[in-house]
There are 2 protein chains.
Amino acid sequence: MDFDLDRAIAVLRRSPATLRALLDGLDEPWIRGNEGPETFSPFDVVGHLIDGEETDWIPRARIILAQRFQPYDRFRHLTRNVGRSSESLLTEFARLRTANLQQLESWKLGATELDLPGEHPSLGRVTLRQLLAAWVVHDLGHLAQVARVMAKQYRDEVGPWLSFLPVLTDHPVPRS
Amino acid sequence: MDFDLDRAIAVLRRSPATLRALLDGLDEPWIRGNEGPETFSPFDVVGHLIDGEETDWIPRARIILAQRFQPYDRFRHLTRNVGRSSESLLTEFARLRTANLQQLESWKLGATELDLPGEHPSLGRVTLRQLLAAWVVHDLGHLAQVARVMAKQYRDEVGPWLSFLPVLTDHPVPRS
């Protein structure tokens, strides 16, 4: 499937409501459960996505439209969101995403702009198109992670069904 | 995390709206893309969850409260849903899930009933508690699958970000 800006925005626009539909109103064991030490809970994932809104995707797109990235702190949210509710994070994520998509659409990017290069601190040369495609995939990877982390909270409850439910044994060391 | 009926129902209740938030209104390349031959697209996953509502979880719970399972056809939906829209499937899934949770709640299950055994065709003895926990995990596994399958549609679009986005290289032979 080729990158298409409208089609990418269609997914990016849905992430806050998808996470809200899945998480809002669930109690702490679902929201705070993780896959072990130094892994993300659903709460942490939403915090990480907020960091992305504030410090990664649109700031980097802006830099491509000017030039050269700053490194992105994947753990900024862990100290930033201590003591906050998941409702507060879901609301903040939705607000930031809406504003960032308005910004993105306001640029009226065409094929020429999407081909513009930027310099990633470790990946080297990337294009604006690749940055925006990675943003979509990043959302979807973390949505899959939230579902997996939640599923694992019932790992010891499904009995013999364990062998039919591979999501329970996926990624003991998390990859997304 | 121990199985708790109210906490399980809280997740089961959210699945239709989560899938609707993610999928409703997306165009065909997102809805119909899969991971290769004989793998499920997001459309197929919703069809599979509908099959579960009609033929698996609650029918099996009913049998435990009486006895002995029928095998479950994991591919019933592939012929059943030819020519249907994803909107139609999302609506049907929400309707069936609502009815099945009403049924489940009407039984007012306590610890004694949750310990009742049933006989799975290949797994052998299972309890009603394990069946209901597996239902929750099954939802979450397929939600993770939908997100992963969608992410993979941009596999060739992210350029050097491929190495930072493990969801793109997950499960070439799908496990959930």
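The values are calculated or read from the model by the stated rules, or taken from the named source; none is laboratory data. The model shown is predicted, which means the values in this text are computed figures rather than measured ones. Here the Cβ is made from the backbone with ideal geometry for all residues, glycine too, and neighbour counts use every protein chain on show. Calculation scope for accessible area: heavy atoms of the full protein, side chains included, ligands and nucleic acids excluded. Shrake-Rupley method; radii C 1.70, N 1.55, O 1.52, S 1.80 Å.
Odds and ends about this structure:
- Each copy carries a label point for B:E28 at 7 Å from Cα along the beta-carbon vector; from one copy to the others these points are 5.0 nm apart, nearest first.
- Rg/Rg_ref, the range B:26-148, where Rg_ref = 2.2 N^0.38 Å and atoms are Cα: 1.14
- With a 10 Å cut-off around each Cβ of A:2-8, the average count of Cβ atoms from other chains is 3.
- A:D115, B:D2, ranked by accessible area, largest first (probe 1.4 Å): B:D2, A:D115
- Kirkwood hydrodynamic radius (C-alpha pairs) into Stokes-Einstein, the protein assembly as shown, 20 °C and 1.002 mPa s, D in µm²/s: 102
- For the range A:157-165, 3J(HN,Hα) computed residue by residue from phi via the Karplus equation (6.51, -1.76, 1.60; θ = phi - 60°) reads 9, 8, x, x, 5, 3, 6, 9, 10 Hz, glycine and proline entered as x.
- P(r) tail fraction, the range B:69-123 - alpha-carbon pairs more than 17 Å apart, %: 63
- Peptide B:23-35 shows a mean partner chain C-beta count of 2 within 10 Å per residue C-beta.
- The dipole here belongs to chain A: it is taken about the Cα centre, uses +1 on the Cβ of Lys and Arg and -1 on the Cβ of Asp and Glu, and is about 280 debye.
- Charge dipole (debye, nearest 20) of the protein assembly as shown; +1 at Cβ of Lys and Arg, -1 at Cβ of Asp and Glu: 20
- Here the range B:99-176 is treated with +1 on each Lys and Arg Cβ and -1 on each Asp and Glu Cβ, and its dipole about the Cα centre works out to around 120 debye.
- In plain terms, the C-alpha convex hull of the range B:1-94 casts an average shadow of 7.6 nm² when viewed from every direction.
- Centroid-to-centroid, using Cα positions, the range B:21-93 and the range B:105-176 are 13 Å apart.
- At the residue level, A:M1 shows approximately 60 square angstrom of accessible surface with a 1.4 angstrom probe and all protein chains present.
- Across the range A:81-86, rounded Karplus estimates of 3J(HN,Hα) from the backbone phi angles (6.51 cos²θ - 1.76 cosθ + 1.60, θ = phi - 60°) give 10, 4, x, 8, 8, 5 Hz, Gly and Pro being marked x.
- The heavy atoms of A:D156 offer some 130 square angstrom of accessible surface to a 1.4 angstrom probe.
- Distances in nm from A:R13 to the matching label points in the other copies, shortest first (labels 7 Å along Cα to Cβ): 2.9
- For residues of A:128-138, the mean tally of beta carbons on other chains within 10 Å: 6
- Ranking by accessible area, most exposed first, for B:K152, B:K108 with a 1.4 Å probe: B:K108, B:K152
- FRET efficiency, 1/(1 + (r/R0)^6) with R0 22 Å, evaluated for B:T55 and B:S106 via beta carbons: 0.65
- Across the range B:6-23, rounded Karplus estimates of 3J(HN,Hα) from the backbone phi angles (6.51 cos²θ - 1.76 cosθ + 1.60, θ = phi - 60°) give 4, 5, 5, 4, 4, 6, 4, 5, 7, 4, x, 5, 5, 5, 5, 4, 7, 10 Hz, Gly and Pro being marked x.
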